[in-house]
Amino acid sequence: MVQVVLESVQSWPLFFRILMFAAWALLGWGLLIGFPESSSSAPPEPRIEESEKPEVVTPPEPESEPEPEPEPTYVEVSSGVFVLDLVIVESLDIPEGTPVEVHKFDVKTDAGASGSVDVFLLFDRAVWRWGKSDQYIDTEKAATQIEDILDSSAFANEADMYDALVCLGTESSAGEPTNQLAKQRALDVCNAVASRNFVDHDLTKVYGLPIGIHEESGAKRNSKAELRERGVIILGVKGAPGEHLSEDGRNRMVRTILEQDLFVNRDTLQGFKLSSYSRIQGGQPLEFVRVSYGAINRE
């Protein structure tokens, strides 16, 4: 068949034979190397090396707003006096002895006074010797110096920031001689506090406050319960930041703490109550006696 085609082509004029052979040659070349792709097809995408790829940044998730802290809740514990329902108890590590408990109360009144009352319960470290106002013993009945406690950095660092330091004077239920013993005791501790270097008398007033005889327990003389009834207790009172605490506000706050027995560590206190002293239990007016540089001034 190829021969027939060739003979037929040979009969064509020379010009047409040249065109035919040229077409065949092009066809053969195209089959050999492959025809070029159509110009209408899209150009190939450039190859991007892995290191050249742009980093995909994931946008951070929006931060959720913190939940607002609950408003502090104050509970009315006496007429027109409110105490924060969270009572903080701290352990004051006065060196070389049993840690001292400090009960911290946030208080406000209906008259707009607000502040705090901190109660330093020193009776595990210092109590008055039986019938004495200027001698102290520890719970093992060994002589001790109240100044050693007051001069410790742990106490001084706390006490120097109060508007008022109130030293309670107490007598036990075991029949101590009562010739104004509670008042004399309050003033003796006050004199010791007022003479400390950490007390700035322009900023911190020092008061003695006799609260009378413990009337409920009838504890046996020199028992642990009876020793606590003549133990040393100091209150630190301060107004809210930036507020001046009036005498009326101070008095109402202090009376509330003494009357309500808001202490939370009942196991360690073993039933001890400030409200059981005669001047508190009887509702008598509080007799604050100011002590400054050894001078005593009745308020």
Completion exercise
Given 116-125, 220-229, the highest-first ranking by average Cβ count within 10 Å works out to 116-125, 220-229
Problem - Farthest positive-ward along region 88-231 dipole, Cα basis, beta-carbon charges - from Trp128, Val117, Ala156 - result: Trp128
Fill in the blank from the handout: Listed by chain and number, the lysines with an alpha carbon less than 16 angstrom from that of Lys238, same-chain partners under 8 positions apart left out, are Lys104, Lys108, Lys205
Exercise for the section: Taking the Cα centre of region 74-184 as origin, work out the dipole magnitude from +1 charges on Lys and Arg Cβ and -1 charges on Asp and Glu Cβ, in debye rounded to 20. Expected result: 420 debye
Exercise for the section: Kindly rank 239-249, 163-173 from highest to lowest mean number of other beta carbons found within 10 Å of each residue. Expected result: 163-173, 239-249
Practice task
Quick one: grab the alpha carbon gyration tensor of region 139-195, order the square roots of its eigenvalues as a ≥ b ≥ c, and give me rounded if a/c is under 1.5, else prolate or oblate depending on whether a/b is larger than b/c.
Solution key: oblate
Handout entry: Phe105 long-range amide H proximity, modeled H, under 5 Å
Key = Val117, Asp118, Val119
Exercise for the section: With a ≥ b ≥ c taken as the square roots of the eigenvalues of the C-alpha gyration tensor of region 70-175, please select rounded if a/c is under 1.5 and otherwise prolate if a/b is larger than b/c or oblate if it is not? Expected result: prolate
Problem - Virtual paramagnetic centre 7 Å along Cα→Cβ of Gln260, amide N under 17 Å, in region 82-102 - result: 82-89
Handout entry: FRET efficiency estimate (nearest 0.05) - Cβ-Cβ, Leu84 to Glu216, R0 22 angstrom
Key = 0.20
Practice task
Give me the lysines in straight-line cross-link reach of Lys141: C-alpha distance below 24 Å, same-chain residues under 8 apart excluded.
Solution key: Lys132, Lys183, Lys220, Lys224, Lys273
Handout entry: Residues whose placed amide H lies under 5 Å from that of Tyr207, excluding near-sequence neighbours
Key = Leu165, Val166, Cys167, Val291
Fill in the blank from the handout: Extension length gain for Asn197 and His244 (0.36 nm per residue less Cα distance), in nm, is 14.6 nm
Handout entry: Ordering of 176-189, 278-291 by burial proxy (mean other Cβ atoms within 10 Å per residue, highest first)
Key = 176-189, 278-291
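Values in this text are rule-based calculations from the coordinates and carry no lab data. Here the structure is a predicted model, which means the values were calculated and not measured. Ideal geometry is used to build each Cβ from the backbone, glycine not excepted, and the neighbour counts take in all protein chains shown.
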